[in-house]
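The values are calculated or read from the model by the stated rules, or taken from the named source; none is laboratory data. Because the structure is a prediction, the values reported are computed rather than measured. Every residue, glycine among them, receives a Cβ derived from its backbone with ideal geometry; neighbour counts consider all protein chains shown. Heads up: the accessible areas ignore ligands, DNA and RNA and are worked out on the full protein's heavy atoms, side chains in. Shrake-Rupley method; radii C 1.70, N 1.55, O 1.52, S 1.80 Å.
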Amino acid sequence: MRLESDSAGSGPTIVLLHGFPLDRSMWKSQADALATRHRVVTPDLRGHGASAAPPGVYSMDDQAADVLETLDALGVTGPFILGGLSMGGYVAMALAAKAPERLSALLLLNTRCKPDSPDAAANREKLASQVESTGDVAPVVNGMLPKLFADDTRDRQPELVTQWERRMLRTPAAGVVGALRGMAIRPDRTDTLRQLDVPTLVLAGAKDVIIPLNEAEEMASVLRRGHFEIIGGAGHLAPVENPDATSSVISRFLGDLT
Ligand code: MLT
């Protein structure tokens, strides 16, 4: 499926995939910063933002195929830099498993390579069934919101939290259901990362309660060409909570590759 996307700047292509249930606007600061030297493509994943929300299960593999189809349509046929936050990271790892030759570098932000535990998968199914029968995504958004931002962010930027709550509530029910069920069936990608031979940045939020620091660090340790960085003061949404630090870390990492 072809995705709606923004494209800015020129140079080597970098593709940034948002988390759940967010949209491409989460990358605004990074797109502005990186577009001085790159072509930055930010798609809305299926069921999110302005992209269509078909019924069904959105497997990470299908979403990776959406990204490749969209890049084909944009004329990006060679290797590119791929980044993803949380669910966007799951999709990025699915793409790395499917088409490693398309990657020149990988950025894994606030994400994990391990699959859901049976309890986590069952909880996603419970939420998906609830949203499916009521059409209301609020229980999912209300459940996630307290875990997305660091306390510091809530205290200092309350309007940012409110703004994201409003955006998340606009996600179509079919999108939330499809993504929840897709994430619940995603496989373990540790072996994909172990075999990957491209420079990979693993970026963690110091206060991320969804992906604990030690788990992010352990993921970085399986990579042959891994580089681990922590964004101070940030929770699960480092690129929006601490945008300048996140952009600087990414720019420095990419700059060191050239
Ligand atoms: C996300 O931010 O994309 C979600 O926290 C991913 C998840 O629920 O596993």
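Can we say VAL15 is more than 15 Å from the ligand (Cβ to nearest atom) and either touching a Gly at 6+ places or on another chain (Cβ under 9 Å) or more than 27 Å from VAL249 (Cα to Cα) (or both)?
Judged against the criteria, VAL15 is a match.
Mind listing whichever residues of the range 112-154 are among the basic types (Lys, Arg) and within 20 Å of the chain's Cα centre (by Cα)?
Residues satisfying the conditions are ARG112, LYS114, ARG124, LYS147.
Given the criteria under 19 Å from THR246 (Cβ atoms) and free of Cβ contacts under 8 Å to residues at least 60 places away in the same chain, does ARG156 qualify?
Considered against the rule, which asks whether it is under 19 Å from THR246 (Cβ atoms) and free of Cβ contacts under 8 Å to residues at least 60 places away in the same chain, ARG156 comes out as yes.
Of the residues ALA97, ALA92, which is small (Gly, Ala, Ser), surrounded by fewer than 24 Cβ atoms within 10 Å (Cβ to Cβ) and part of a helix (DSSP H, G or I)?
ALA97
Of the residues GLY78, GLY83, which is within 20 Å of ALA216 (Cβ to Cβ) and not in a helix (DSSP H, G or I)?
Just a single option satisfies the conditions, and that option is GLY83.
State all residues of the range 1-27 that are touching a residue at least 60 places away in the same chain (Cβ under 8 Å) and basic (Lys, Arg); if no residue qualifies, say none.
ARG2
Does the range 67-86 contain at least one residue that is open to solvent by 50 Å² or more (accessible area, probe 1.4 Å), more than 16 Å from the ligand (Cβ to nearest atom) and within 23 Å of ARG189 (Cα to Cα)?
Yes, the range 67-86 contains at least one residue that is open to solvent by 50 Å² or more (accessible area, probe 1.4 Å), more than 16 Å from the ligand (Cβ to nearest atom) and within 23 Å of ARG189 (Cα to Cα).
A quick yes/no check of all residues on (1) open to solvent by 50 Å² or more (accessible area, probe 1.4 Å); (2) part of a helix (DSSP H, G or I):
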{"residue": "GLU218", "(1), (2)": "yes, yes"}
{"residue": "GLU229", "(1), (2)": "no, no"}
{"residue": "PRO239", "(1), (2)": "no, yes"}
{"residue": "ASP244", "(1), (2)": "yes, yes"}
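Checking the condition buried (at least 19 other Cβ atoms within 10 Å of the Cβ) and under 29 Å from ARG124 (Cβ atoms), which residue from LEU196, LEU213 passes?
LEU196
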